[in-house]
């Protein structure tokens, strides 16, 4: 559950048309039956006292970082259309297993992983529901068998970064679906978070963070950023031996007020 006093602390930017938040990991976006404060959208409705707010795009429950909500239908339609037409920039950061030394672009289709007992899992391959997917990866820091990397999306397929990272041989730390084995996810569903899973995965959620959203390609001169989430920052310092300057992303471009329309 989201505490009412928590949500204002997550606000990156707010005006009469937009609300931009830095979502923690393990917060679900879409409304649930457990009450308004059990989801991000429900909590935002309570906070704004608006009957409807529009999620421009979603982040998986365990993914932290920048998320954009529109307060009116016209702005929501404008931004959602921009996403469909690939006119919105997204930059993610992830901690992966292994030494990721060189930038690489993965241009591989993604579809349902029919070989996995995890029905929500995607996989690279030419299956009947496969769709084109392009991810640009760049190493930021490599240390002690792990790497902090950047991922920029050209497409927005389900679990795209995580599935492409696994295909490259650099699975995301803490990933129950694309990590060491399918059993991790199945065991988590059956028994919850256990010491055995902690030993295998190291983090209780996937180490994936939406670091920056650029609305400039959509015609809005606004770029929003969120610092690396606290649990990922702690992993980098404690497990990888990194210091604060190495974890500081390039600051986002200063935003300008929204034009009318």
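The values are calculated or read from the model by the stated rules, or taken from the named source; none is laboratory data. As the structure is a prediction and not an experimental result, all values here were calculated from the model. Every residue, glycine among them, receives a Cβ derived from its backbone with ideal geometry; neighbour counts consider all protein chains shown.
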Any residue at all in the range 19-26 that is more than 15 Å from the chain's Cα centre (by Cα), at pLDDT 90 or above and not assigned by TED's automatic domain parsing to the domain that holds residue 160? yes
Among (1) touching a helix residue (DSSP H, G or I) at 6+ places or on another chain (Cβ under 8 Å); (2) surrounded by 19 or more Cβ atoms within 10 Å (Cβ to Cβ); (3) under 19 Å from residue 90 (Cβ atoms), which single condition is residue 63 missing? (1)
I'd like to check something: does the range 94-114 contain any residue that is within 14 Å of the chain's Cα centre (by Cα) and not assigned by TED's automatic domain parsing to the domain that holds residue 211? no
Of all residues in the range 234-261 being at pLDDT 60 or above and buried (at least 16 other Cβ atoms within 10 Å of the Cβ), the one that is nearest to residue 206 (Cα to Cα): 235
Candidate set from the range 76-104 (those that are in a strand (DSSP E or B) and surrounded by fewer than 17 Cβ atoms within 10 Å (Cβ to Cβ)); member that is modelled with the highest pLDDT: 104
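Taking the range 138-156 on its own, how many of its residues are within 16 Å of the chain's Cα centre (by Cα) and within 17 Å of residue 212 (Cβ to Cβ)?
Here is the first cut: in the range 138-156, the residues within 16 Å of the chain's Cα centre (by Cα) are 148-156.
If we keep only those that are within 17 Å of residue 212 (Cβ to Cβ) as well, we get 148-154, 156.
Residues flagged as within 16 Å of the chain's Cα centre (by Cα) and within 17 Å of residue 212 (Cβ to Cβ) within the range 138-156 amount to 8.
Which one of these is crowded, with 18+ Cβ neighbours inside 10 Å, under 13 Å from the mean Cα position of the chain (by Cα) and at pLDDT 95 or above: 207, 165? Before the answer, list the steps.
On the way: 165 fails: under 13 Å from the mean Cα position of the chain (by Cα).
Exactly one residue qualifies, and that residue is 207.
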Among (1) exposed (fewer than 14 other Cβ atoms within 10 Å of the Cβ); (2) modelled with pLDDT of 95 or more; (3) over 29 Å from residue 219 (Cα atoms), residue 107 falls short only on (3)
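Name the residue that is nearest to the chain's Cα centre (by Cα), counting only residues in the range 61-81 that are more than 15 Å from residue 229 (Cα to Cα) and in contact (Cβ under 8 Å) with a residue 40 or more places away in the chain. Write out each step before concluding.
Let us first name the residues in the range 61-81 that are more than 15 Å from residue 229 (Cα to Cα), namely 68-81.
If we keep only those that are in contact (Cβ under 8 Å) with a residue 40 or more places away in the chain too, we end up with 68-72, 75, 78-79.
Values: 68: 12, 69: 15, 70: 18, 71: 21, 72: 24, 75: 22, 78: 21, 79: 18 Å.
Out of the qualifying residues, it is 68.
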If you go through the range 178-200 one residue at a time, do you hit one that is in contact with a strand residue (DSSP E or B) (Cβ under 9 Å, 6 or more places away or on another chain), modelled with pLDDT of 90 or more and buried (at least 20 other Cβ atoms within 10 Å of the Cβ)? yes
